[in-house]
1. Going highest first, how would you order 121-130, 238-247 by mean Cβ packing within 10 Å?
2. So for the pair residue 215, residue 268, with labels modelled 7 Å out along Cα→Cβ, what separation do we get in nm?
3. Past 27 Å, Cα to Cα: identify those pairs from 157/186; 30/235; 81/235, in the order given.
4. Grab the beta carbon distance between residue 247 and residue 284, set R0 = 30 Å, and tell me the FRET efficiency rounded to 0.05.
5. Which three lengths, in whole Å and largest first, does the stretch 6-84 cover when its Cα atoms are put on their principal axes?
6. Using helices alone, what [θ] at 222 nm do you get for the chain, with -39,500 (n - 2.57) per DSSP H run of 4 or more residues, divided over all residues and rounded to the nearest 500?
7. What length, rounded to one decimal in nm, is gained on full extension from residue 104 through to residue 30, with 0.36 nm per residue of separation minus their alpha-carbon distance?
8. Calculate the translational D of the stretch 220-372 in whole µm² s⁻¹ from Stokes-Einstein, where the hydrodynamic radius comes from the Kirkwood formula applied to all Cα pairs, the temperature is 37 °C and the viscosity 0.692 mPa s.
Amino acid sequence: MDNQFEIFLVAPPGLEQTLCDEAHTLGFAKAQPVPGGVSFEGDWSDVWRANRYLRGATRVLARIGSFRAFHLAQLDKRSRKFPWAEVLRPDVSVRVEVTCKKSKIYHAGAAKQRIEKAISETLGAEVSDKGTVQIKARIDDNLVTFSVDTSGESLHKRGHKEAVGKAPMRETLAALFLRAAGYDGKEPVLDPMCGSGTFVIEAAEQAMGLAAGRARMFAFEQLATFDASQYSRVKAEVLTPSENLGDLTFFGSDRNEGAIANSTANADRAGVSVLTQFTKAAVSDLQRPYGPPGLVIVNPPYGTRIGNKKLLFALHGALGEVLKERFSGWRVGIVTSDAALAKSTGLPFKQPGPPVPHGGLKVKLYQTAPLP
């Protein structure tokens, strides 16, 4: 394998450009948005950095090689010649996933069997559907491309969130919506329906310069390319905390006592409780915090997700009234699948962002300029 290869960051569809912007800020200057993610050339240390520090990527794939194959016998032969030992370890189990598109090899199951057999017989690794490391084979227009999933568990699993409520938002998605709403780690953030505290905790972590993946393991640690001493240098990199950290607080409120308990526990485990404040309060009781204006961001109940539609319109209306009355100078971001609910807040939204899959629905970010 070459020292440089394609690294693919998986993004929620619709937020590729937002993830690309984050990749640029982390120093991946040549990253480009493509359908389904972000692509750039890099080496293994870039793979480690992307997994550990990117907040918005769902997972990080390393494209480890490709060849043409027009029938199963050719796929079998070329898979056996592939230098698996350069990337995979014989003592670590492997699982294989295959997709076929516009190719003469159209049976993904048969292709999977050939690749699995090639790996097990040439490398000697155990191959099973519960393998530790995943190889993704894409056969597109007769080109077979092998990628290794270097993340393992999805990157939204930061390693410190145990308590979640109903319809939680994934940390990776919350991080991208925060960025799309203009959050840069230097202003207060408030979520008036905080659930398990995801927006608040993500914002506080970013302000403190904490690495997203600091509390978890990754699949790349089980690869032949892993070098523990080099990775310790990657881990030693320090992200810059906000200059006005001492003045910042991140606020969450919710009418549900269980949500407040969950959020508080999650913030504590994440190591951000010094900057976070969670309060039991209904939307109508929401008070403007002391200090400079910032960002109100909320993922309220909507549509088929939760509850009675009439009550939802009343809730959104009440939220809009409180924000217009008490939050002059603050920007607002609302994530919803329902344009009518967004409109019912009466807030002066700009054009909404692109539709993004979330919980079986397509949601959009509606945001305002600073409120008058």
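Computed from the coordinates by the stated procedures, all read-outs in this text should not be read as laboratory data. If you're wondering where the values come from, they're calculated on a predicted model, not measured in any experiment. Here the Cβ positions follow ideal geometry from the backbone for every residue, glycine too, while neighbour counts run over all protein chains shown.
1. Sorting 121-130, 238-247 by mean packing, highest first, produces 121-130, 238-247.
2. Between residue 215 and residue 268, the simple spin-label model gives 1.2 nm.
3. Long pairs (Cα-Cα over 27 Å): 81/235.
4. Numbers: r = 28 Å, r/R0 = 0.94.
Once rounded, the FRET efficiency stands at 0.60.
5. Here the Cα extents, ordered largest to smallest, are 44, 27, 19 Å.
6. Helix-only estimate at 222 nm: -9000 deg cm²/dmol.
7. Net length gain for the segment: 23.3 nm.
8. In µm²/s, the coefficient is 181.
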